[in-house]
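Asks: Structure incoming, see below.
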Amino acid sequence: MKTNPGRFFEDYRLGEMIVHAVPRTVSGGERALYHALYPARGALYSSDEFARGMGLAGAPVDDLVAFHVVFGKTVPDISLNAVANLGYAEGRWRQPVYPGDTLRSQSTVIGLKENSNGKSGVVWVRTEGLNQRGEVVLDYVRWVMVRKNRLDVPAPDPVVPPLAKAVAPEALAIPEGLDFSGYDFALAGEPHRWGDYALGEQIDHVDGVTIEEAEHMLATRLWQNTAKVHFDATFRDNGKRLIYGGHIISLARALSFNGLANAQMIVALNGGAHANPCFAGDTVKAWSEVLDRAETNAPGVGAIRLRTVAVKQGAAPFALRGEDGKYVPEVLLDLDYWALMPV
Amino acid sequence: MKTNPGRFFEDYRLGEMIVHAVPRTVSGGERALYHALYPARGALYSSDEFARGMGLAGAPVDDLVAFHVVFGKTVPDISLNAVANLGYAEGRWRQPVYPGDTLRSQSTVIGLKENSNGKSGVVWVRTEGLNQRGEVVLDYVRWVMVRKNRLDVPAPDPVVPPLAKAVAPEALAIPEGLDFSGYDFALAGEPHRWGDYALGEQIDHVDGVTIEEAEHMLATRLWQNTAKVHFDATFRDNGKRLIYGGHIISLARALSFNGLANAQMIVALNGGAHANPCFAGDTVKAWSEVLDRAETNAPGVGAIRLRTVAVKQGAAPFALRGEDGKYVPEVLLDLDYWALMPV
Amino acid sequence: MKTNPGRFFEDYRLGEMIVHAVPRTVSGGERALYHALYPARGALYSSDEFARGMGLAGAPVDDLVAFHVVFGKTVPDISLNAVANLGYAEGRWRQPVYPGDTLRSQSTVIGLKENSNGKSGVVWVRTEGLNQRGEVVLDYVRWVMVRKNRLDVPAPDPVVPPLAKAVAPEALAIPEGLDFSGYDFALAGEPHRWGDYALGEQIDHVDGVTIEEAEHMLATRLWQNTAKVHFDATFRDNGKRLIYGGHIISLARALSFNGLANAQMIVALNGGAHANPCFAGDTVKAWSEVLDRAETNAPGVGAIRLRTVAVKQGAAPFALRGEDGKYVPEVLLDLDYWALMPV
């Protein structure tokens, strides 16, 4: 058999390191496509001049381009036979990715727990994205529920890794040289500083985008994500293609510009839930809540912890969970992350 | 309130200069996307070699990429609450934009006139696009009708700026070094020279393109144009997304290659009307008329003033206005501009 | 008449060389778009680092980008009035195309044969793609059936050029410096070497992609292919846009990664048939068969001759021809080519 059937639960070994295939060089092409696919307007990622003024070498590709490229490579090895993408934790962007950089990914199995039904299990991996110099540009923990194929293989000893609820502010990696002291708020698009955001403050980002099939497939292919459910209308019983959760992450983040234009760089992913599936024709909107704030050592740079929630048409204002504690059906994504803002 | 509600008529002051947000660096990515979105075939914008042979440093990005990028930045400040985009005048491309250039925009309010109903008014702005060296690459006048929010604010003294019917030939900015004396008509695609076009000559550009939702949204996002009507199917009563007028400008210009392959560079925008709205599913065709011709000082370079009209399915040949002087319903765009051709 | 009506059968002369218009510089933008349009994962075309490790200057653009760009330029001169694209032969990729290269095309008429009905005829051309240094990067023979316009023009003496069934292994052009001896199978995505593929072996590539209108039009425009049938829904009686055959070629090739990840470079096109038309909404899958293998002089590099077949939904496993010898209706493409693999 020459083709890749993907791994099943019994194929993972605790501590094993998996090298993911197909390294990828990014260029101005990926940057332009990102701007065509999402209403992204962050000045630091749009303008080489603006980024240089903030102490960087030029405009990096969006932090979520780095995330999607690194994530996409893991799909054939981690989630081809996954039945659910359960969560993210301890994600840290370690350094910006620039056009010309080449990314590859590797994952270490850090947890395994077979389900009591014996038909599936949860796999925890810590994934690292590395650049051409072997430097880690991003790492994060993801856990997925994976089907078992050979049901007679004994369950492994259960290991559930301890995971932080959120990345500690002192653990955030600030890009070398980053300096927001000369930040141009007019060019960035909004006057609101780090100090203007109060804990618990909620922001409705107002704008909405109706999703087309062609768009989410272009995006998902761009990250070389190979999951069949996103591309093949004959694969699911209802003839619908499921939209890659990362597409919703990028849409929500881009929509959040309107109210969070100065939350420039994502530096940590504390957690994330793809609360409900999304399909072409849905109109996505977003709202955010300020969860925490922290100072940093970089000049003029503050850290803000945000929850950004993507919802679809019909959602009530600031919709999240129902009385039963479950996400309401209109919620697509609940994302918890740290970003850097000018103080 | 952290989000941008846009300006209303009473928020504009005569003489005020507005700095628009989010500078943008363009690259080969934007160039490739432009070729994917429109059937653009101008040799000067497609081939670095061809452009170098004509005295330029390389192939610039399409003149309309420059226009769309500069225009897109003005939307959040000028037309978010506009009820109509009324016209363009005195547009001049001052120098080519190359991959690697960073563009930003600023607009000066040059006219204000409240409507007699007291509920809206017309705002005239002169918008400049600047590159990373602070040089103006493009400027143009645009006027829009904007809603009034606080109806009790007194009307400003009406100021209607005098605007030229067309940019005078002697005011056209010819890119430094441009030299068409060694022009390769075979590689450019057509044998017709500047002298071959007669005043009043009409050309049916033959080809048509049926528009898809994904395409116009990719394009409009690429220019960071944030107008909700283009993206959100829930925003308008009929559930249709309105196609950005600039998408039609680019389609019409690209279609005009078939018959005007040698009208290489757009150097002035004399006027333009978005005659009727366009929606996904419409099939766009174009025709042009020669309005004027002028010599230039650049070797081998002539200027031609063209009207290019975009129409949709069902349009009569060379459809424009009805007996009542109004645009017929199939006309989408009436564009009046100067282009440079080999003599 | 300023517009191009295209050539008719009586307009071709044996031995004539036609210079095709609109040279094109490719960049990282075309590379990124190719990855967005097709599920392409070949490591050599995805990563500059991987390509350098194999002795190249960096990652070339996909071999099929070169093919589509060169092919697209020929459409206005060769196939605008074609009623059928009959075949390809003797195609050879002579050297990789890198971002920054500028391609142009020229074709020589090598065969002419009027049909017995006197209303059309077959034209054979040998097309060359050249880079900015005038080097041939690709050449191939294509033949098309073209309508006759002036039916009274006498038929030319019939000349049917002799064409090889397949490019001989010793005629394959191996890129200078190519060296697969340090090939990284883990990063490339599969462990299978040249020696692991048996003559006659068939591989079902498993994955499928449902095609959207926006995607095939973006792709076809990107190659500046001007054939109306691909873009204008009003052009055909059934209101459907025909998908450019090259889109199917690229889809099939990209899908073949799953099972042929190490068939890295296409170096020859032995033949190809667009067996049935494809329309938006179709779900494309692919299978391949090993037709031949050959050694090369380059270190660690073997050549493999493959048939890759694209099929649509409803196709039987390894569907190809019916008992009548004709392609079954679900077969879209039958492509015969040589690729290079690590031994």
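Readers should treat all values here as calculations from the given coordinates under stated rules, not as data from a laboratory. Everything numeric in this text was worked out from a predicted model, so none of it was measured. Quick reminder, even Gly has a Cβ in these numbers, built from the backbone with ideal geometry, and neighbours come from all protein chains shown.
Asks: Could you tell me whether C:ASP207 is touching a residue at least 60 places away in the same chain (Cβ under 8 Å) and part of a strand (DSSP E or B)?
Replies: On the way: touching a residue at least 60 places away in the same chain (Cβ under 8 Å): yes; part of a strand (DSSP E or B): no.
The answer is no for C:ASP207.
Asks: Which of the residues spanning the stretch B:307-319 are crowded, with 18+ Cβ neighbours inside 10 Å and more than 17 Å from B:GLN264 (Cα to Cα)?
Replies: Scanning the stretch B:307-319 gives B:VAL309, B:ALA310, B:VAL311, B:LYS312, B:ALA315, B:ALA319.
Asks: Evaluate the stretch B:237-256: report whether one residue or more is among the basic types (Lys, Arg) and closer than 22 Å to C:ARG221 by Cα. Lay out the reasoning, then the answer.
Replies: The first filter runs over the stretch B:237-256 and keeps only residues among the basic types (Lys, Arg), leaving B:240-241, B:253.
Among the residues that remain, those that are also closer than 22 Å to C:ARG221 by Cα are: B:253.
Yes; the residues of the stretch B:237-256 include at least one that is among the basic types (Lys, Arg) and closer than 22 Å to C:ARG221 by Cα.
Asks: Right, something else. Give the residues of the stretch B:218-267 that are farther than 26 Å from B:VAL343 by Cβ, basic (Lys, Arg) and out of contact with any Pro (no Cβ under 6 Å at 6 or more places or on another chain), sorted by residue number.
Replies: Let us first name the residues in the stretch B:218-267 that are farther than 26 Å from B:VAL343 by Cβ, namely B:218-251.
Now restrict to residues that are basic (Lys, Arg): B:221, B:228, B:236, B:240-241.
Correct list: B:LYS228, B:ARG236, B:LYS240, B:ARG241.
Asks: All but one of (1) facing chain A (nearest Cβ under 7 Å); (2) over 25 Å from C:LYS240 (Cα atoms); (3) without any contact (Cβ under 8 Å) to a residue 12 or more places away in the chain; (4) touching a helix residue (DSSP H, G or I) at 6+ places or on another chain (Cβ under 9 Å) hold for C:ALA186, so report the exception by its number.
Replies: Every listed condition holds for C:ALA186 apart from (4).
Asks: Moving to a separate point now. Quick test of your reading of the structure: C:ASP196 fulfils all but one of (1) in contact with a Ser or Thr (Cβ under 7 Å, 6 or more places away or on another chain); (2) within 14 Å of chain A (Cβ to nearest Cβ); (3) among the acidic types (Asp, Glu). Name the failing condition by number.
Replies: (1)
Asks: Has the stretch C:192-215 got at least one residue that is surrounded by fewer than 15 Cβ atoms within 10 Å (Cβ to Cβ), closer than 30 Å to C:ALA294 by Cα and of a type in the set (D, E, K, R)?
Replies: Yes, the stretch C:192-215 has at least one match.
Here's the yes/no breakdown for (1) within 28 Å of B:PRO5 (Cα to Cα); (2) charged (D, E, K, R); (3) within 14 Å of chain B (Cβ to nearest Cβ); (4) within 14 Å of the chain's Cα centre (by Cα):
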residue: A:GLY271; (1), (2), (3), (4): no, no, no, yes
residue: A:ARG305; (1), (2), (3), (4): yes, yes, no, no
residue: A:GLY314; (1), (2), (3), (4): yes, no, yes, no
residue: A:VAL331; (1), (2), (3), (4): yes, no, no, no
residue: A:MET341; (1), (2), (3), (4): yes, no, yes, no
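Asks: Based on what the data block shows, is C:GLU289 of a type in the set (D, E, K, R) and not in a helix (DSSP H, G or I)?
Replies: Details: of a type in the set (D, E, K, R): yes; not in a helix (DSSP H, G or I): yes.
In short, yes.
Asks: Being under 19 Å from A:ALA188 (Cα atoms), buried (at least 23 other Cβ atoms within 10 Å of the Cβ) and hydroxyl-bearing (Ser, Thr, Tyr) is the filter here, so list the residues in the stretch B:67-91 that pass it.
Replies: Correct list: B:SER79 only.
Asks: Taking the conditions exactly as written (part of a helix (DSSP H, G or I) and free of Cβ contacts under 8 Å to residues at least 40 places away in the same chain), does A:ARG221 satisfy them or not? Walk me through how you get there before you give the answer.
Replies: Working: part of a helix (DSSP H, G or I): yes; free of Cβ contacts under 8 Å to residues at least 40 places away in the same chain: yes.
The answer is yes for A:ARG221.
Asks: Quick one: B:SER181 ticks every box in (1) over 30 Å from C:THR25 (Cα atoms); (2) surrounded by fewer than 19 Cβ atoms within 10 Å (Cβ to Cβ); (3) touching a residue at least 24 places away in the same chain (Cβ under 8 Å) bar one, so which box is it?
Replies: (1)
Asks: Could you please give the count of residues in the stretch A:273-302 that are under 20 Å from the mean Cα position of the chain (by Cα) and closer than 20 Å to A:TYR140 by Cβ?
Replies: Residues in the stretch A:273-302 being under 20 Å from the mean Cα position of the chain (by Cα) and closer than 20 Å to A:TYR140 by Cβ: 5 in total.
Asks: Sticking with this structure for a sec: Just to be sure I understand, how many residues within the stretch C:309-343 are touching a strand residue (DSSP E or B) at 6+ places or on another chain (Cβ under 8 Å) and either in a loop (DSSP other than H, G, I, E, B) or under 30 Å from C:LEU178 (Cβ atoms) (or both)? Before you say what the answer is, go through the steps one by one.
Replies: As a first pass, look at the stretch C:309-343 and keep what is touching a strand residue (DSSP E or B) at 6+ places or on another chain (Cβ under 8 Å): C:309-313, C:315, C:317-321, C:327-328, C:330-343.
If we keep only those that are either in a loop (DSSP other than H, G, I, E, B) or under 30 Å from C:LEU178 (Cβ atoms) (or both) as well, we get C:309-310, C:313, C:315, C:317-320, C:328, C:330, C:333-343.
Matching residues across the stretch C:309-343 total 21.
Asks: Which number in (1) closer than 30 Å to B:GLU30 by Cα; (2) more than 7 Å from chain A (Cβ to nearest Cβ); (3) touching a Lys or Arg at 6+ places or on another chain (Cβ under 7 Å) marks the one condition that C:PRO39 misses?
Replies: (2)
Asks: Looking only at residues in the stretch B:233-247 that are touching a strand residue (DSSP E or B) at 6+ places or on another chain (Cβ under 6 Å) and facing chain A (nearest Cβ under 10 Å), which one is nearest to B:THR283 (Cα to Cα)?
Replies: Applying the first criterion (touching a strand residue (DSSP E or B) at 6+ places or on another chain (Cβ under 6 Å)) to the stretch B:233-247 yields B:233-234, B:245.
Those left that are additionally facing chain A (nearest Cβ under 10 Å): B:233-234.
Details: B:ALA233: 20, B:THR234: 23 Å.
Filtering the stretch B:233-247 for residues that are touching a strand residue (DSSP E or B) at 6+ places or on another chain (Cβ under 6 Å) and facing chain A (nearest Cβ under 10 Å), the one nearest to B:THR283 (Cα to Cα) comes out as B:ALA233.
Asks: Next question, about the same structure. Hey, can you tell me all the residues within the stretch C:294-306 that are buried (at least 19 other Cβ atoms within 10 Å of the Cβ) and not small (Gly, Ala, Ser)?
Replies: Of everything in the stretch C:294-306, those that are buried (at least 19 other Cβ atoms within 10 Å of the Cβ) and not small (Gly, Ala, Ser) turn out to be C:THR296, C:VAL301, C:ILE304, C:ARG305, C:LEU306.
Asks: Exactly one of (1) touching a residue at least 24 places away in the same chain (Cβ under 8 Å); (2) under 21 Å from C:ASN131 (Cα atoms); (3) within 14 Å of chain A (Cβ to nearest Cβ) is unmet by C:THR74. Its number?
Replies: Going through (1) touching a residue at least 24 places away in the same chain (Cβ under 8 Å); (2) under 21 Å from C:ASN131 (Cα atoms); (3) within 14 Å of chain A (Cβ to nearest Cβ) one by one, C:THR74 breaks only (3).
Asks: Something else now. Which of the residues that make up the stretch A:139-153 are hydrophobic (A, V, I, L, M, F, W, C) and touching a residue at least 60 places away in the same chain (Cβ under 8 Å)?
Replies: Pass one, the stretch A:139-153, residues hydrophobic (A, V, I, L, M, F, W, C): A:141, A:143-146, A:151, A:153.
Answer for the stretch A:139-153, where residues must be hydrophobic (A, V, I, L, M, F, W, C) and touching a residue at least 60 places away in the same chain (Cβ under 8 Å): A:VAL144, A:MET145, A:VAL146, A:VAL153.
Asks: Moving to a separate point now. Can you confirm whether A:TYR45 is at the interface with another protein chain (Cβ under 9 Å from one of its Cβ atoms) and under 20 Å from A:LEU251 (Cβ atoms)?
Replies: On the way: at the interface with another protein chain (Cβ under 9 Å from one of its Cβ atoms): no; under 20 Å from A:LEU251 (Cβ atoms): yes.
Spelling it out, it is not the case that A:TYR45 is at the interface with another protein chain (Cβ under 9 Å from one of its Cβ atoms) and under 20 Å from A:LEU251 (Cβ atoms).
Residue-wise test of (1) farther than 21 Å from C:ALA40 by Cα; (2) among the basic types (Lys, Arg).
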site	(1), (2)
C:LEU251	no, no
C:ASN270	yes, no
C:PRO277	yes, no
C:LYS285	no, yes
C:GLU323	yes, no
C:TYR327	yes, no
C:LEU333	no, no
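Asks: Still on this model: Of the residues C:LEU56, C:LEU80, C:LEU64, C:LEU33, which single one is in contact with a helix residue (DSSP H, G or I) (Cβ under 7 Å, 6 or more places away or on another chain) and within 13 Å of another protein chain (Cβ to nearest Cβ)? Explain how you work it out, then say what you get.
Replies: Working: C:LEU56 fails: in contact with a helix residue (DSSP H, G or I) (Cβ under 7 Å, 6 or more places away or on another chain); C:LEU80 fails: in contact with a helix residue (DSSP H, G or I) (Cβ under 7 Å, 6 or more places away or on another chain); C:LEU64 fails: within 13 Å of another protein chain (Cβ to nearest Cβ).
The unique qualifying residue is C:LEU33.
Asks: Let me ask something else. Could you say whether any residue in the stretch B:242-263 is over 16 Å from the mean Cα position of the chain (by Cα) and part of a strand (DSSP E or B)? Give the derivation first.
Replies: Pass one, the stretch B:242-263, residues over 16 Å from the mean Cα position of the chain (by Cα): B:242, B:257-262.
Cutting the leftovers down to part of a strand (DSSP E or B) gives us none.
No, there is no match, as no residue in the stretch B:242-263 is over 16 Å from the mean Cα position of the chain (by Cα) and part of a strand (DSSP E or B).
Asks: Within the stretch B:203-221, work out how many residues are within 26 Å of A:ALA280 (Cβ to Cβ) and facing chain C (nearest Cβ under 7 Å).
Replies: Within the stretch B:203-221, the first condition is being within 26 Å of A:ALA280 (Cβ to Cβ), and the residues that meet it are B:208-221.
Remaining after also requiring facing chain C (nearest Cβ under 7 Å): B:208-210, B:212, B:214-215.
Final tally of qualifying residues: 6.
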